Amino acid sequence: MRRPKLLHAILLWCCFFAHAVYAAGTRTSVFYPLPSLSQGKVFATKQLFVAEHGGIWIHDVHGDIYFFDGSNILPSRGSIFPQSYDHLTYAKGHFWTFVDHQLIKLMPNQQQIVETQITPGQQIRVLGVVNDWLWFADDNDFYTYEIESGALKRYSLQSVYQQSESSQVYVTDAEKVGDKWVLATSSGVYVSNQNSFQHIPVSGKRYIEKLHYSQRKQEMVVGTLNGALVFGIEKQTKMPRYIGNTHVLSIAETDNGYWVGTENGLFVYNSISGEINQLQSSQLSDYNLVGDKVYALVNDQQGGVWVGSDRGVRYHSLFSRNFDRLSANEVSVLSRGEKILYFAASEQSEGYWLATSGGLYRFRLNNFKSPSLIYRGKVLDVAQYQHELWLATPKGIVRVDLLTNEENTQHLPNDVPAPTAIEVGTENTLWGVSGLTLWRYELETGAFHSLGEDWWIGHYLPARVTELKTYGKDSVLIGTDHGLYVLNNNRVRFIQRSANFGEVIDIERYDDKVWVAASYGVYHINLETSEFEVLETVSPGIGPRCLVASKQGVWLSSSMGLSFYSPSAQLTQHFSSPFGTINNEFLADICLNDQSDADYLVFGTRSGLLSFDSTTLMHAERPATAMIFSQVDVNSQPIHIGGVAQSNIAIDFGDSISFRVGTSPSDTGSHKFYRLRSDSEWTPHEGRQITFDRLGPGKHTLEVKLRSRFGEQLSANTLTFSVNKPWYLKPISLALFVVFAIALVIGLIAWRSRRVMFANRKLRAQVALKTSQLKHQSRTVLNNNKSLRKQIEVREQLLSRLSADACSDKDNLLMSFKWERYELLMRLSSQHCVYEPIAFDLLPVSKAVVECWQMEFNEKGVALELSSEETSQCGLVQQLNLDSVLNTILAASLRRLTKGETLSISWRSDDCSIYLSIQDYGRQLPNFAFDGHKVSSSMLSFESLPHHAALSGAQLSRHSSPQENRLILEWERAECHVQADVSKSNNLLLNQPPISEDLEKTTRHISDQEAWLHRVDALIEDNYADAQFSTSVASKALFTSERNLQRKFKAITGKTFTEALIEVRLENACEKLLGGQRISDVAFDCGFNDHSYFSQRFKLHYGLSPSQFVDAQIELSETI
């Protein structure tokens, strides 16, 4: 039943063909060029194809192919194919062309494939696509090729030649209607009938360029040399009309009609209303199609139409139908070059005031062709009061009576120049600014009041007023080129924070707040509370242009489009390129809402006026945006270009892979994000490509998404690719590796015996053990040396104090006794036996120890405190080794405590005992050696403290926790009376064996040697840091020869003077390294001029290099 119906419809169309007429209006629209236009690149287009997964393929007049993903044109150089093609079409994700008699399928970076061929010797002339069918023709036949099945069918053109009575007929286009094919030829239109074609008689022998069949509307559009004709298939059109009046080059279908590209521009037919309009573009040259030959039209099915012409490719968003544009050319009274300066709504009647550089006009938007000229001349500002219109002109103030159209010039005082801004207040007052003078003019009485120039902030001068806005009674907002002033009750105050936003461009009142658009941002002020709030803008650095209020909120025009703010001043919507507005098109301070409909807004642009219904715009559905994987590179070489889908992308292990992601149509305000794993965080995509290096083997899925500036997800896409396993992870490689490993192990076992392996292992263990022991010994020796030096220093200080007391004390007997008792106890402390206890004051000993250690504790930042409840602390002492015990405790505490901590030493006593308490809050104390350990009595260490405390007659107790450390020494209390002490001392002396004269000589001789050695040691300690200090310098200081110094020193100490000097230097270096100083600084501070020589001597002495020693201490500290 469908075949006769179709034939009947076509024949009916033929009847109306000869009676078609042309009629068209005009409509201003915006066509967005490709970004390459700003770089000077123009792609003269031959064909456009919508890519299967988004984006546009461009076939230019040179036969080259490019892909546009909404942001980038790919490839950046050359074409995606190595050669150019004059005849090309696109279907099912592939390009199709022909060479001689062969139909060829093409894909970027792949070999071309011959899909089918006709009889050799025939030459294919034309190629096209209809849905899932390819069609092509040679001189004698017409062919159809079904892509899915590969079925090829031939129709003879013999009947076409017979009916056309022409020796040469060219097929120009074809459409499939039902199961029939309709051909457009150079000799009319033909419809298939089985294997032949039937001519449509009324089409005559005229040239038919294009055919388009709408399955949804059941309509056919035929493009001729005189325009396009639309007729119905199901419901026949009664009076077909031509769309356009020139050669038709392209046709596209939209939701409400057809677009027809011709040699003389672009036409749109609305199938609902029957209107035909020629689209004329904005006056901005980059956005128009004036004079273009429109070779290609493509509906991307995402709310946009792509237009290809001889001047490049442009995009038109169907969403822009929500905006009405009126170009300056459409205003008949505007002369060439005349600019819009002011735009305001009429208060007395429907209509608007339009002030230009040539005059003032009154008009209505629906009748813009015939505006009324009110005043001829340049108008700077307009204010309306009742039936009078006040104009600020370069000549002064002009009053226009709207009832009689009479003009009167109001003269200001002679010293007041012509006004630049005026505004009518609520009390019949006209406010104005002339130069720097602010004045008030009473409209009823004609009184003039000047506020002078004193209200300006001096350091901003010279300055100018940019905006005046009245509110309330005698209150005026004054916008200037440096900020906002507020006049209230004849007092002017400057809003200081407004200076940060530069020149005031526009002022709008909404909900008791003043909204201000300035050069560097937007803010609003509550004049009652002086609350100042900076408003969010769609992007940093935009240029605000104009503010206007609607019922729902406030609209802002800016250099990036239109923004909407809710009553709470929240930015909720934004409209920008390419959805109806143009960047940098809006004019400053030219916008308003209709007096009869507050939701109908009008904005001034560089090319005319833009208007829209705000409610309709806010609820309009936005075009869908597609995210496109437009290019995939492996090792910086492209392998896929143009709408990459879930293809089998596989790369080798170790290769880098890059993805270029586009959005079509491009939305400049959105943000891209990506992630490689579903469990990972989204990463912002800021650059041109997403690159991954050295991914692990297996499948990977790249996810991308597009999010609006308001957090709404606009689009998302995924692409899966795989990374091949490297050769050494493949099963055969693993098998070979296992076989090789087994063979290697067997060979090693045969070559190396178990005994040798065991011996080597044992030797390594011994070496490691010995090394560890040496490290420990070196640290122990270093600590012990320091403790011994402190002990000697303490005892020298005690002796010097005793000597000083002896010289000053009148009771020589008492001092003699004290000297003998102290000397006796000092000797007793060096013996290994226990003697009868004697009473002794221990407080001076503790004071001497604290004084000797005070400097070290201060350098480390640790507080050292000593306190006593009484002036003396007498106890029964067996050996006077309290100084050694305290030195050991303080040395250990100095290592444990850190900067800011405190070590407290306190004496207290009761009736039976005296107690010495050492307390801190540092790290926990180490443990004492338990009873089962053998403690060396000659080597004093922290572990052996209980043993040495017992030798002194004291009991040592330890209390340690993570919060507090406490050591307590307890002696039996005694009374320090001189007579008792003398008797005890005499008894003690009597119990000692007699000292022979030889022993006394030996002791005296040893004492002399010790005194000399002490001088030498002191000399070394004082000068070891001097790199020039040597044996010669020391001998001069000791008034002896180098030889005698070396001989005597070697005889006493068993080592040379140089060895002792190096040992002192290394010990001090060790301490400085432990203190955290740099190795190079320590070397020079300890007398080594050469850093390498220092390292060599340090390693020879301690078995470790300085850096290894420092690392060992760090590891030890971290372990602790």
Report yes if residue 597 is over 18 Å from residue 667 (Cα atoms), part of a strand (DSSP E or B) and of a type in the set (D, E, K, R), otherwise no. no
If we scan the stretch 526-543, do we find a residue that is within 26 Å of residue 459 (Cα to Cα), of a type outside the set (Phe, Trp, Tyr), modelled with pLDDT of 90 or more and buried (at least 20 other Cβ atoms within 10 Å of the Cβ)? no
Exactly one of 558, 550, 566 is within 25 Å of residue 616 (Cα to Cα) and in contact with a Pro (Cβ under 6 Å, 6 or more places away or on another chain), and that residue is 558
Can you tell me which of 563, 576, 557 is crowded, with 18+ Cβ neighbours inside 10 Å, in contact with a Lys or Arg (Cβ under 8 Å, 6 or more places away or on another chain) and of a type in the set (Ser, Thr, Tyr)? 557
Filtering strands (runs of 3 or more DSSP E) wholly in the stretch 42-126 for at least 3 residues that are among the aliphatic types (A, V, I, L, M) and either in the same structural domain as residue 641 (by TED's automatic domain parsing) or out of contact with any Pro (no Cβ under 7 Å at 6 or more places or on another chain) (or both) gives 102-106
Out of (1) among the polar types (S, T, N, Q); (2) over 19 Å from residue 143 (Cβ atoms); (3) in a strand (DSSP E or B), the one residue 167 does not meet is (3)
Need pairs with beta-carbon distance below 7 Å; first residue over 15 Å from residue 698 (Cα atoms) and within the stretch 715-735, second small (Gly, Ala, Ser) and part of a strand (DSSP E or B); sequence gap 6+ or separate chains. 715/626
Among the residues of the stretch 419-439, write down those that are outside any strand (DSSP E or B), farther than 14 Å from residue 398 by Cα and in contact (Cβ under 8 Å) with a residue 40 or more places away in the chain. 425, 426, 427, 428
Single unsatisfied condition, residue 580 versus (1) assigned to a loop (DSSP other than H, G, I, E, B); (2) of a type outside the set (Ser, Thr, Tyr); (3) within 26 Å of residue 688 (Cβ to Cβ): (3)
Condition first: in a loop (DSSP other than H, G, I, E, B), modelled with pLDDT under 85 and crowded, with 16+ Cβ neighbours inside 10 Å. Now tell me which residues in the stretch 170-203 satisfy that. 200
For residue 213, state whether it is modelled with pLDDT of 85 or more, out of contact with any helix residue (DSSP H, G or I) (no Cβ under 9 Å at 6 or more places or on another chain) and either in a strand (DSSP E or B) or not assigned by TED's automatic domain parsing to the domain that holds residue 247 (or both). yes
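Restricting to the stretch 418-432, name every residue that is among the small types (Gly, Ala, Ser) and farther than 16 Å from residue 478 by Cα. Spell out how you get there, then give the answer.
Start the filter on the stretch 418-432 by keeping residues that are among the small types (Gly, Ala, Ser), which leaves 418, 421, 425, 432.
Listed by number, the list holds a single entry, 418.
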Please enumerate the residues belonging to the stretch 902-921 that are surrounded by fewer than 17 Cβ atoms within 10 Å (Cβ to Cβ) and either touching a helix residue (DSSP H, G or I) at 6+ places or on another chain (Cβ under 7 Å) or not in a strand (DSSP E or B) (or both). 910, 911, 912, 921
Of the numbered conditions (1) surrounded by 17 or more Cβ atoms within 10 Å (Cβ to Cβ); (2) at pLDDT 85 or above; (3) over 21 Å from residue 857 (Cβ atoms), residue 984 fails exactly one; give the number of that condition. (2)
Looking at the stretch 725-745, can you tell me whether even one residue there is surrounded by 13 or more Cβ atoms within 10 Å (Cβ to Cβ) and either closer than 30 Å to residue 661 by Cα or touching an Asp or Glu at 6+ places or on another chain (Cβ under 9 Å) (or both)? yes
Go through 585, 528 for me and flag whichever is charged (D, E, K, R) and either closer than 22 Å to residue 317 by Cα or assigned by TED's automatic domain parsing to the domain that holds residue 34 (or both). 585
Residue that is surrounded by the fewest Cβ atoms within 10 Å (Cβ to Cβ) [pool: residues in the stretch 289-308 that are assigned to a loop (DSSP other than H, G, I, E, B) and in contact with a Phe, Trp or Tyr (Cβ under 7 Å, 6 or more places away or on another chain)]: 303
When the residues of the stretch 1056-1085 are filtered to those that are in a helix (DSSP H, G or I) and among the basic types (Lys, Arg), which remaining residue is surrounded by the fewest Cβ atoms within 10 Å (Cβ to Cβ)? 1072
When the residues of the stretch 834-867 are narrowed to those that are free of Cβ contacts under 8 Å to residues at least 60 places away in the same chain, in contact with a helix residue (DSSP H, G or I) (Cβ under 6 Å, 6 or more places away or on another chain) and outside any helix (DSSP H, G or I), which ends up surrounded by the fewest Cβ atoms within 10 Å (Cβ to Cβ)? 866
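Among the candidates 104, 56, 118, which residue alone is closer than 30 Å to residue 605 by Cβ and in contact with a strand residue (DSSP E or B) (Cβ under 7 Å, 6 or more places away or on another chain)?
Matching residue, one of 104, 56, 118: 56.
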I need a count of the residues in the stretch 1080-1092 that are closer than 22 Å to residue 1021 by Cβ, under 48 Å from the mean Cα position of the chain (by Cα) and either at pLDDT below 85 or not aromatic (Phe, Trp, Tyr) (or both). 4
Which residue pairs have Cβ atoms under 7 Å apart, sit 6 or more places apart or on different chains, and have a first residue in the stretch 493-509 that is in contact (Cβ under 8 Å) with a residue 60 or more places away in the chain and a second that is among the small types (Gly, Ala, Ser) and assigned to a loop (DSSP other than H, G, I, E, B)? 505/519
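Looking for whichever is out of contact with any Asp or Glu (no Cβ under 8 Å at 6 or more places or on another chain), over 26 Å from residue 583 (Cα atoms) and among the aliphatic types (A, V, I, L, M) here; the options are 690, 657. Which one fits?
690
The values are calculated or read from the model by the stated rules, or taken from the named source; none is laboratory data. Treat the numbers as computed from the prediction; the structure is a model and nothing was measured. All Cβ positions, glycine included, derive from the backbone under ideal geometry; neighbour counts span all protein chains shown.
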